[in-house]
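Structure record follows, encoded as structure tokens.
The values are calculated or read from the model by the stated rules, or taken from the named source; none is laboratory data. Because the structure is a prediction, the values reported are computed rather than measured. FYI the Cβ positions are ideal-geometry reconstructions off the backbone, even for glycines, and counts take in every protein chain you see.
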Amino acid sequence: MVYFRLLGRLALRFFLYLGELAGLIGQVCESLLRGRKRWRQFFEQIVEIGYRSQAVVVITGGFTGAVLAAQALFQFALVDMETMGGVIVSIGMMRELGPTITGLMLAGRVGSSMAAEIGTMKVTEQIDALRSMGVHPIDYLVTPRLLAMCVSIPLLIAQSIAFGIIASYMVGVHLFKVPGTYWNFNVERFTDGTDIAIAMMKGFVFGLLIVIISCHQGLRARNGAVGVGRGTTDAMVFSSLAILIFNLLLTMLMQLIFPVGMAMT
């Protein structure tokens with residue numbers, strides 16, 4: 001009985017949490033349709049989310065592509081298929097690693113920052129002060145971040161993919177001495193615009209998850225600095241878990257819509 005009660009409590013907390021997220025999503029949708037547009041906050045978040053995240057995204061994407069290429073070439077060398085290394089990297093970076101790694105990096109860097117900033121405003125009663133001045137907290141805090149994330153994350157994913165493919169080319173052609181002509185030919189043959197579309201779709205979903213979960217953790221913060229710290233940690237962990245779970249669901253769905261190898265047909 002103890003285990004059933006524990007599972008019941010966990011299930012109730014989980015569904016309550018989902019309900020709170022759904023409520024926040026509804027408020028954001030209403031803000032997008034009827035709320036006041038805060039363009040100054042929007043552009044400030046473009047700088048914070050997009051511009052200041054470029055370095056970590058580029059470095060992560062580049063080294064991920066390089067490592068993926070090296071591991072693929074170690075195995076392909078056993079069967080004399082080294083020229084296919086670029087295909088593995090391009091498809092892997094576009095369909096999986098590019099959006100997922102970028103999303104995880106943003107969950108750690110941007111998501112935790114959002115939760116900490118909004119949580120600090122909550123525990124210091126600055127959000128109540130906004131309401132007293134007639135400023136809706138969702139319009140002022142959440143919607144600009146959501147719009148900025150929707151603009152920034154496709155560009156960051158594109159950078160991650162591009163530098164991953166470039167790094168894989170350097171590893172394959174200059175370290176493993178794979179002919180560059182065959183490498184590029186196979187990459188162009190087996191990848192096309194559908195792979196890019198999958199990366200952008202996944203990135204858009206991941207961006208929404210990061211903003212909604214992180215802002216929700218900030219808005220529900222309490223108990224002073226301890227609550228802000230706990231909310232910041234939960235924002236990063238919950239966003240990362242949500243990205244990994246939705247990545248599996250989206251991968252299965254996108255495989256049905258855009259099968260691997262469409263470029264060959």
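I want to confirm something. Restricting to segment 225-265 and keeping residues that are among the aromatic types (Phe, Trp, Tyr) and modelled with pLDDT of 90 or more, which single residue is surrounded by the most Cβ atoms within 10 Å (Cβ to Cβ)?
Here the answer is Phe238.
I'd like to know if segment 136-146 contains one or more residues that are in contact (Cβ under 8 Å) with a residue 12 or more places away in the chain, surrounded by 21 or more Cβ atoms within 10 Å (Cβ to Cβ) and closer than 30 Å to Phe74 by Cα.
no
When you go through (1) farther than 15 Å from Arg220 by Cβ; (2) at pLDDT 85 or above one by one for Gly19, which number turns out not to apply?
The single condition Gly19 does not satisfy is (1).
Of the numbered conditions (1) farther than 24 Å from Ile213 by Cα; (2) free of Cβ contacts under 8 Å to residues at least 60 places away in the same chain, Gly65 satisfies every one except a single condition; which is it?
It fails just one condition, (2).
Name the single residue, out of those in segment 31-54 being of a type in the set (A, V, I, L, M) and touching a residue at least 12 places away in the same chain (Cβ under 8 Å), that is surrounded by the most Cβ atoms within 10 Å (Cβ to Cβ).
Across segment 31-54, the extreme among qualifying residues is Ile49.
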